[in-house]
Amino acid sequence: MRSFLTAILLACSLLLVKSVYPQTADHPILSKPWNAYWIASPDGSGREYGVYYFRKNIVLDAKPASFVVKVSADNRYKLYVNGALISVGPARGDTYYWNYETVDLAPYLTTGKNTIVAIVWNEAEYRPEAQISLHTGFILQGNTATEEILNSNNTWKCCHNKAYAPLTGIGYPTYYVAGPGEFVDMNKTVKGWLANDFDDNAWPNAANTEHGKPKGMSDAFGWMLVPSSIPQMERTTQRIPVLRKADGITVLPASFPQTTTAITIPANTTVTLLLDQTYLTNAYLTLNFSNGKGAGISLSYAESLFTSLANYRTKKGNRNDVDGEIFAGRKDSIISDGTAGQSFTTLYWRTFRYIQLKVQTKDSPLVIDDIYGTFTGYPFRFNAKLQTGNPEMQKILDIGWRTARLDAIETYMDCPYYEQLQYIGDTRIQALVSYYNSGDDRLARNAINLMDHSRIAEGLTLSRHPSYSPQIISTFSLWYIGVLHDYWMYRPDSTFVKDKLPGERDVLGFFSKYQQADGSLIGTPYWTYADWVVSKGWGSGMPPNGSKGNSSIMDLQLLLAYQAAAEMETKMGMPEYASLYHKKATQLKQTIQIKYWDAAKMLYADTEDKDLFSQHANSLAILAGLIKGPEAMALGKKVLTDTTLTQCSIYFKYYMHQALIKAGLGNDYMNWLSIWRDNIKMGLTTWAEISDLVNNRSDCHAWGSSPNIEFFRTVLGIDSYAPGFSKIKIEPHLGDLKNVSGEIQHPNGTINVEYVLDKTVWKIKINLPQNTSGIFVWKEKTYPLKAGENLFKI
């Protein structure tokens with residue numbers, strides 16, 4: 001009986017892994033428990049803060065052509081071979097889908113002795129909110145019998161580096177959950193642990209805990225291992241170009257810190273240096289230093305400086321300003337042991353534009369040998385092109401791309417400095433930026449999988465995942481259906497989306513419980529966030545409810561979800577669900593029109609009481625097709641000009657702009673970018689979280705990068721016209737532009753467009769990839785497009 005149950009468990013596990021990771025599920029490494037053990041330090045419970053080194057030496061008769069291993073850890077690891085850093089991970093997930101990286105060590109191995117070292121750290125209760133954890137552990141499994149000489153077990157050596165301690169707080173009150181800083185006492189640290197000739201005989205052997213188990217191979221206790229579906233993050237050296245201020249020292253070389261330049265801090269001196277990257281970045285920070293026995297060094301990191309930290313309210317001015325400003329931020333601290341050649345590199349990356357380097361020496365001088373960053377991020381490449389002759393458009397595009405890149409490391413993130421959490425509302429916009437600017441959809445697929453994995457018994461997704469603390473924004477579950485629909489339209493993988501339709505049904509099943517007889521929602525639980533606005537009736541980002549408990553914004557968002565779900569079910573789902581969702585959408589559409597339309601004001605109200613009105617409700621009404629033609633255009637103009645309406649933030653302008661374009665106003669798109677222009681005027685190098693740039697918390701939120709979509713989708717007019725981008729629609733909205741061209745990556749190749757006004761004649765060239773077709777829409781007239789070159793003179 002037991003062997004029969006084991007066989008059933010094995011078969012089910014393989015089917016499960018194949019459904020999520022079809023490209024790797026047939027590998028034998030996933031078909032049985034691993035021979036490698038999870039290993040840990042022999043001392044401690046594994047649940048306390050700690051930094052550990054694991055070492056293994058092997059001797060090879062010849063340099064191998066291939067040497068593939070699987071590696072993972074809890075919380076995180078850095079893997080070195082013969083002193084070279086070759087892998088960092090694991091990619092964030094949860095214990096039900098715990099990622100391992102697949103790494104070929106061969107390029108770093110040599111004939112003779114080879115040293116493999118992992119540094120593993122567990123930040124315990126101080127860990128980032130996005131870090132799910134069981135306890136400290138490290139595992140490395142060889143891909144075949146040849147590589148199994150490296151399998152992690154109690155032949156590996158282990159050392160607990162007790163020089164490390166956590167530093168909490170960032171110097172001001174706010175929602176910060178991105179992990180602690182590091183305190184390192186160089187007098188206590190382990191030195192030389194990377195070197196091949198390091199003597200680790202005094203180190204104890206690591207402790208075996210349990211064999212590694214692929215997903216589905218156990219009773220769900222422990223880490224359920226799955227292959228990471230994303231590549232290794234980029235790591236690129238990044239010099240810090242500018243010293244903005246120096247206090248306590250008068251003479252510094254002009255080359256510091258832009259190039260490797262040693263500076264000496266005299267004995268019994270306190271020096272504070274303000275370094276400026278000149279733009280926001282994510283990087284591992286490295287400080288090399290010598291001498292200075294007992295000197296204290298602190299490295300603090302900030303997106304920008306503050307004009308005020310009084311009364312628990314932070315205020316910011318122009319982000320380029322430093323004189324008279326206040327520095328506060330996450331901090332690392334080091335105590336020098338007085339020797340030459342000391343080096344500190346952050347375990348995890350930091351987010352900063354500004355670094356405050358503070359040194360307090362004792363009886364001997366300290367030498368700063370060098371300071372620099374190593375940029376890291378998901379390895380996106382900007383594969384789109386845009387030529388407009390408009391420098392402002394290029395600047396907006398560049399800032400938007402930087403914002404998108406900084407908010408993408410192993411998952412999409414709302415912001416890199418404060419939270420590092422993958423929220424569904426943010427991810428929808430971020431994924432579209434990826435499709436349009438890069439063509440790389442792997443991080444988006446990973447995000448969709450994580451969202452799907454996060455669903456709770458009630459049917460909703462969590463608002464963010466991975467997250468140690470569950471949070472539910474019920475309205476984000478509706479946007480999840482939008483994320484699925486976007487992927488379905490732009491990526492040629494309907495099977496992937498079809499696998500997620502049960503989750504879509506569960507979400508809509510949850511909301512149906514709160515629909516009244518007329519289809520309108522009342523009493524929807526959890527956080528019903530819509531947008532960060534401050535206006536009458538709004539609170540904590542939630543839209544107003546009327547005296548009877550209704551909200552047009554809630555009803556409209558549910559309507560859009562029904563419409564998207566009905567389209568997907570019709571094409572690849574179940575006819576019964578397609579019919580149900582069409583009926584529910586039809587009913588809700590009628591109810592919204594009756595309940596919220598104010599004929600006197602010619603606007604949709606926020607509630608049935610018709611006393612509050614917003615850009616949000618009217619934008620969603622246009623998007624949902626409640627109003628069309630000239631009436632939609634008239635409503636769109638009111639959305640733009642009626643200042644009494646509650647205004648959309650930079651985030652929700654994505655939906656507002658889509659509505660205005662649908663209403664026929666797309667040629668005015670470049671006139672709608674005032675908040676982005678304000679960001680530039682205020683010295684931001686990434687887009688801020690909210691429209692209030694003085695009271696703003698995060699200076700980097702990629703939900704503001706929607707122009708990186710619309711410059712291509714709206715201005716150039718390139719859009720999907722059928723699921724999988726199998727048909728292409730080209731409908732430009734050029735405004736005042738008279739010579740513009742560009743391209744994006746398509747699943748079948750490249751879409752290229754060019755528009756040139758020659759006196760009174762437009763010369764238009766459109767190139768479509770092979771095996772595609774589409775339509776070209778120009779001033780309400782439609783022309784067919786074929787694969788290859790299409791030429792028009794109009």
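The values are calculated or read from the model by the stated rules, or taken from the named source; none is laboratory data. This structure is a prediction, so every number in the text was calculated from the model and none was measured. Cβ placement follows ideal geometry from the backbone for every residue including glycine, while neighbour counts extend to all protein chains displayed. SASA here: full protein model, heavy atoms, side chains in, ligands and nucleic acids out. Shrake-Rupley method; radii C 1.70, N 1.55, O 1.52, S 1.80 Å.
When we measure straight from the Cα of K162, which aspartates and glutamates land under 19 angstrom away, once same-chain ones fewer than 8 places off are left out? Within the straight-line limit of under 19 Å, K162 reaches these aspartates and glutamates: D43, E48, D74, E123, E125, E182, D185, D199, D200, D332, D337.
Summary of packing: across the peptides 781-793, 164-176, 481-493, the per-residue average of other C-beta atoms within 10 Å ranks them, highest first, as 481-493, 164-176, 781-793.
Near the amide H of I650, within less than 5 Å, lie the amide hydrogens of S691, all on another chain or at least 5 residues away, with H placed in the peptide plane. A Cβ-based charge dipole, computed about the Cα centre of segment 46-121 with Lys and Arg at +1 and Asp and Glu at -1, lands at about 180 debye. Can you compute the FRET efficiency between Y526 and T174 using 1/(1 + (r/R0)^6), with r the Cβ-Cβ distance and R0 = 22 Å? Round to the nearest 0.05. After rounding, the FRET efficiency stands at 0.45. Only Cα pairs under 8 Å and 6+ residues apart enter the sum, and on that basis the relative contact order of the chain stands at 10 percent. Note that segment 139-259 carries a Kirkwood radius of 20.5 Å, evaluated over its alpha carbons pair by pair. Rounded to whole numbers, the Karplus 3J(HN,Hα) couplings from phi for segment 213-222 are 10, x, 3, x, 8, 9, 8, 6, 8, x Hz, using 6.51 cos²θ - 1.76 cosθ + 1.60 with θ = phi - 60°, and x at Gly and Pro. Working note: Karplus 6.51/-1.76/1.60 with θ = phi - 60° gives segment 456-464 the couplings 9, 4, 6, x, 6, 7, 6, 6, 8 Hz, where Gly and Pro are set to x.
From the Kirkwood radius over Cα pairs of segment 462-547, Stokes-Einstein at 25 °C and 0.890 mPa s returns a whole-number translational diffusion coefficient of 166 µm²/s.
Note on surface exposure: H616, H582, H135 rank H582, H135, H616 by accessible area, highest first, 1.4 Å probe.
A cut-off of 5 Å between modelled amide H atoms, ignoring neighbours fewer than 5 places along the same chain, links Q238 with G373, T374, F375.
Amide H to amide H distances under 5 Å link R76 with W121, where only residues 5 or more positions off or on other chains count and H is placed in the peptide plane.
Computed in the context of the full set of protein chains, the accessible area of the chain at 1.4 Å probe radius has 53% of its extent on carbon or sulfur. In plain terms, the chain from Y279 to Q590 could stretch by 107.0 nm, reckoned as 0.36 nm per residue minus the Cα-Cα distance. Taken one residue at a time, the phi angles of segment 505-512 give Karplus couplings (6.51, -1.76, 1.60, θ = phi - 60°) of 5, 5, 4, 5, x, 4, 5, 4 Hz. Gly and Pro are set to x.
For segment 281-328, the alpha carbon positions stretch 39, 24, 20 Å along the principal axes, listed from largest to smallest.
Think of a 1.4 Å ball rolled over the protein heavy atoms: the chain then has 37 Å² of accessible area per residue. Shape summary: segment 678-768 maps onto an equivalent ellipsoid whose semi-axes, from the alpha-carbon gyration tensor, are 32, 19, 9 Å in decreasing order. Dipole size of segment 703-761 about its Cα centre, with +1 on Lys/Arg Cβ and -1 on Asp/Glu Cβ: approximately 100 debye, rounded to the nearest 20. Ranked from largest to smallest solvent-accessible area, with a 1.4 Å probe on the protein heavy atoms, K157, K331 come out as K331, K157. The stretch between D598 and L791 holds 64.8 nm of extra length on full extension. This uses 0.36 nm per residue minus the Cα-Cα distance. Given a Förster distance of 51 angstrom, what is the FRET efficiency for N268 paired with A195, based on the Cβ-Cβ distance and rounded to 0.05? Between N268 and A195 the formula returns 0.90. Full extension of the chain between F221 and N35 yields a length gain of 65.2 nm, computed as 0.36 nm times the residue separation minus the alpha carbon distance.
Using the rule -39500 (n - 2.57) for each DSSP H run of four or more residues, divided by the residues of the chain, the 222 nm mean residue ellipticity is -7500 deg cm²/dmol. Using the Cα coordinates of the chain, the gyration tensor eigenvalues translate into equivalent-ellipsoid semi-axes of 46, 33, 26 Å, sorted from longest to shortest.
Annotation: average projected area of segment 381-505 is 8.4 square nanometres, based on the convex hull of Cα atoms across all directions.
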